[in-house]
Structures are given as structure tokens and as C-alpha cells.
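All of the numbers you see were taken from the coordinates with simple rules; none came from a lab. Because the structure is a prediction, the values reported are computed rather than measured. A quick note on method: Cβ atoms are made from the backbone with ideal geometry, for glycine too, and the neighbour counts reach across all protein chains shown.
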Amino acid sequence: MFHCIIILYSTRVDQKVFSWTQHTKSLILSAFFWGYLIMNLPAAMIGRRYNNQMLLAMSMTLTVALSLATPMLVVAFNWPVLVLIRFLQGLTQAFTMPMIHGISAKWAPPNERGRLVGFVLGGLQFGTVITLVGSGLLASTRSGWPSIYYTSGAFGIFWVILWLIFGSESPDTHRLITRSERNYIKLSLTQTVSEKKNLITPWKEIFTSMPVWAVTISHAGHNCGFWLLLSEMPTFISSVLKFDIKSDGFVSALPYLAMWLCQFPVTYFADYMNKKNVTSLTFSRKFWNTLGMSGGALGLMVLGYMGENANAAICMYVFVVAIGCCTNVGFNINHLDLAPNYAGILMGFTNAVAALGGVLAPTVCGFIVHDQTSVDEWRVVFTLGAVILFFSSIFYIVFGSAEVQSWNEPRNENVGVRSFMQMKTDYGSSSKYTSSSSSFGKLS
């Protein structure tokens, strides 16, 4: 994604420059999410049948290969091939979150799940910071924008090697873990990991559950706002605020650095309040989700009316992205509350629907913004993003819940040819992760 953003507005005279329209740029940026949308749920199901460590390594290897081939292919065939590459990378990257989710299920003690979410998702923001800053610097060198793809590809290969050496799908197969740590993890999961096999996925109950749809709507709304900022703010900064590409890389990274730093205390504090029974689980999920999404909606509205005041706009940009970290202990972890036995399939489903946000954000922006220097046109984009975030927040308040759903207790059957459609246990139920209230909640 970040590589595409740089190539879209790179202006070096000694590298080939592509005079693409805003609509073409938006098409390129959204192509990734079409592949991501299509493959997310199938990837989650495949992950239940094959080694998650190897699937994650294969996914990254294919993504790296496509990245390394991008400069040569784009120069030869122009933007259509870049759309295809981004689509294929969406297919391969769709394995990432389901595999991480599946691996985390075997490594995370129940009382540490909130903090695990903060730590794992912190890698996403930290990677965003490094890539936004590094891409701007690399694009300004003599090698130009192609060096971004080659450098990121080299780092990707390095990561795959480290992952295959030091990573593991579970504590049982890790070569370096101590016996005491392995025993601690396994003992902490004895009451939460079900031993049942051949579980039939209750598709009807999942698709008709309002709490599941509350998570899904929040996930999609959050993604729409997040990817709107990630994919379009660099264009806004360079076209309206008049920052050059090198400064733009640093400025664009500031919000994600703030988000990375803020989410650690947020997730730790939320876990602490729940553990001490200061807040019910339902209240905690809704409170933090509302803070993250409604706060972001307010910030987007204000951002749309700041005009060309660069300093104020950048500060608000940082605020909108940083406060989104609160959703990591809102909808982002709610899958584990609703149906511990089917947390993986719920993540695959909501993540697939949420990919629509990544598709729609740059596409809609391309239809609205015809003059990239027009503050009025960008105001429409920001207002629309704010409305989506606010509606998603309200929907979650009304229909969200942290109670374990009745359909979490599955039938244990042998279904023959339907076995591929089954979702075997991700998590077992635990009374400590239920909530006594399905309303907005109250202090207890």
C-alpha cells in the first residue's frame, strides 16, 4: 500500500513518471482490498487445516515476490499490471490476520489477550511508521521509487527466514521455549481451549446474530476511516498543504507513531479495569469502541473545516488516527467474547466485510475529488468518513455485547464432505470472559 502511495505522486525527473488520473490512482489503491475481501474467509478456513506458521511464511514469500517484480512490470505495462499485482497481493495478504489469530489462540493466556492485541497490532502501526518515513527517503534518492520495492522485498525475505527459524505455531512445537513457560501457557489455557473435534460451524446463527453484526459494522466503519486516511492523506498533504515528498513521509508517519505509543497503555488499562471488576466486559468493550470511533468522527469533521492551516490540520490528523487505538479493546477483540469456539471464523467473516472499507474509501474519494487542491472537495470526503465512523459507533452501542452467545456451544458431529466447511475450536468458553449485561453496561 505505502509503495503504491509513493509511486502515485513521485516526481523525480530521472525516473519514469506516470501521469495517472485521480480515478486511476484510486483504482490502484483499492485493488488490494478486492483480493483481500475475496480471500479472507477462505484463508481462515484453510488455516484450520494446515500449519499456520507455514501458511504465513508462504503468504509473505508470495507477497515479496510480487513486490520485487513490480518496478519492472509497471514500467513495461503501465497501471493495469499494477492493479493486477495489488489484487494478487490482497489474495496473499488475506492469510495474515487469520494465521496470526490462529497462532495467538495457542500462545495467549486468557488474562493477557487484551495486551496481546495491543502488542500484535502495534506491529502494524510500527511498520506503517517505518515504511512511510523510509519510502519518502528512498524515493528521494538517486535510485528513485523502484528502490522502495526492492528494499521492502529484501526485508520481507529476511523476515521469512527469521520466522521459519524462530517462529512456531504453538508452544508444543517451539524449539527454544523453556519448559516452565510452556507449562504456564498450557495450564492457563486448560479451562478455555475446548477438546471437542469436528465442530459444525453454526452459519445461520452467526449471520443472524446482531452482536456479530455490531462487530462487523464497527470493523467495516473503522477500516473505511482508517484506510481513507492512510491512502488519501498523503495526497491531501502534498496537494493542499504543500509539503514536499520527504517532509510528507515524516508527517504522514506521526499519527501512526502516536497510535503505536498510545495503544499500549490503553490495552493495559482496559485489562486492569476488567480484571479488578471496576467495569463489566460489555461496558468496557462499548466504552473504548465509542471513544475510538466517535472521537475519530469528531476529529474528521473538524479536519474538514481547517482549510489550509497546515499545523492545525496535521495535529488533528494525528489525533484522529491515534484515538483509533481504543478500538483494539473494543470490536477488535469482541470476537473472543461472543463465541470463543468460533473466534477464528468470526474474525475471517468480519475482516472480509471490513475489507469493503478499503475498497470504497479510495474509490469514493476518486469520484468526489476532481481537483486535488480543492479544500471544499476534501471537506466532503472527511465529512463522509466522519458520518460512517459515527454511525458504526452508534450501531455497536445499541447492538453490541460481550456475552458468550448460546450458539457457542456446538454440536460434535462427523459431517463427511462438509468437513472443509467446519471451523474447529479456536477457543473454549470461560465464565471469566462473560458479561452480565448486553446493554451499554454499567460500572460494577
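Net charge near Pro171, counting Lys/Arg +1 and Asp/Glu -1 over other residues with Cβ under 13 Å of its Cβ?
+2
Which ³J(HN,Hα) values, rounded to whole Hz and listed in residue order, are derived for the stretch 350-355 from phi using the Karplus coefficients 6.51, -1.76 and 1.60 in 6.51 cos²θ - 1.76 cosθ + 1.60 with θ = phi - 60°, glycine and proline given as x?
Computed from phi, the couplings for the stretch 350-355 are 5, 5, 5, 5, 5, 4 Hz.
Obtain the nm distance between the two label points defined at Arg179 and Val120 by a simple spin-label model: each point lies 7 Å from its Cα along the Cα-to-C-beta direction.
Once both label points are built, they end up 2.9 nm from each other.
Expressed as a whole number of Å, what is the distance separating the alpha-carbon centroids of the stretch 98-128 and the stretch 247-284?
Answer, in whole Å: 14.
What share of Cα pairs, in percent, lie more than 20 angstrom apart in the stretch 304-379?
55 percent
What does a probe at Val398 reach in the stretch 326-348, counting residues whose amide N is under 19 Å from the point 7 Å along Cα→Cβ?
Label zone hits: 331.
Compute the distance in nm between two label points, each set 7 Å from the Cα along the Cα-to-Cβ direction, one at Arg142 and one at Val278.
5.7 nm
Taking 30 Å as R0, compute the FRET efficiency from the Cβ-Cβ separation of Leu68 and Ile38 and round it to 0.05.
0.80
Between Leu84 and Arg49, what FRET efficiency comes out of the Förster formula 1/(1 + (r/R0)^6) with R0 = 45 Å and r the beta carbon distance, rounded to 0.05?
Efficiency computed from Cβ-Cβ geometry: 0.95.
Regarding the stretch 207-294, what are the three Cα extents along the principal axes, ordered largest first, in Å?
50, 33, 16
Summing Lys, Arg as +1 and Asp, Glu as -1, what charge do residues with Cβ under 13 Å from the Cβ of Thr267 carry, Thr267 excluded?
Local charge sum for Thr267: +2.
Can you quote the Å³ per residue value for the convex hull of the Cα atoms in the stretch 30-94, rounded to an integer?
59 Å³
So between Glu377 and Thr21, what do we pick up on full extension, going 0.36 nm a residue minus the alpha carbon distance?
Gain in length upon complete extension: 126.6 nm.
Using the Cα atoms of the stretch 237-352 to build a convex hull, what is its mean projected area in square nanometres?
Averaged projected hull area, Cα only: 8.7 nm².
Please give the contour-minus-distance gain from Val75 to His370: 0.36 nm per residue of separation, less the Cα-Cα distance, rounded to one decimal in nm.
Gain in length upon complete extension: 103.6 nm.
Between Thr61 and Trp107, what length comes free when the chain is fully extended (0.36 nm per residue of separation minus the Cα-Cα distance, one decimal in nm)?
Answer, rounded to one decimal: 14.2 nm.
Can you work out the Karplus-derived ³J(HN,Hα) for every residue in the stretch 44-55? Use 6.51 cos²θ - 1.76 cosθ + 1.60 with θ = phi - 60°, whole Hz, and x for glycine or proline.
Here the 3J(HN,Hα) series is 4, 6, 5, x, 7, 10, 10, 4, 5, 4, 5, 5 Hz.
Counting only other residues whose beta carbon sits under 14 Å from that of Ser393, what net charge do I get with K and R as +1, D and E as -1?
Taking every other residue near Ser393 into account, the sum is +2.
Quick one: which residues, 5+ away or cross-chain, put their amide H under 5 Å from the amide H of Ser280? H built at 1.01 Å from N.
Sorted by chain and number, the residues that satisfy this are Lys442, Ser444.
Each residue of the stretch 202-214 in turn: what ³J(HN,Hα) in whole Hz from Karplus with 6.51, -1.76, 1.60 and θ = phi - 60°, glycine and Pro shown as x?
Couplings: x, 4, 4, 5, 5, 6, 10, 8, 5, x, 5, 5, 5 Hz.
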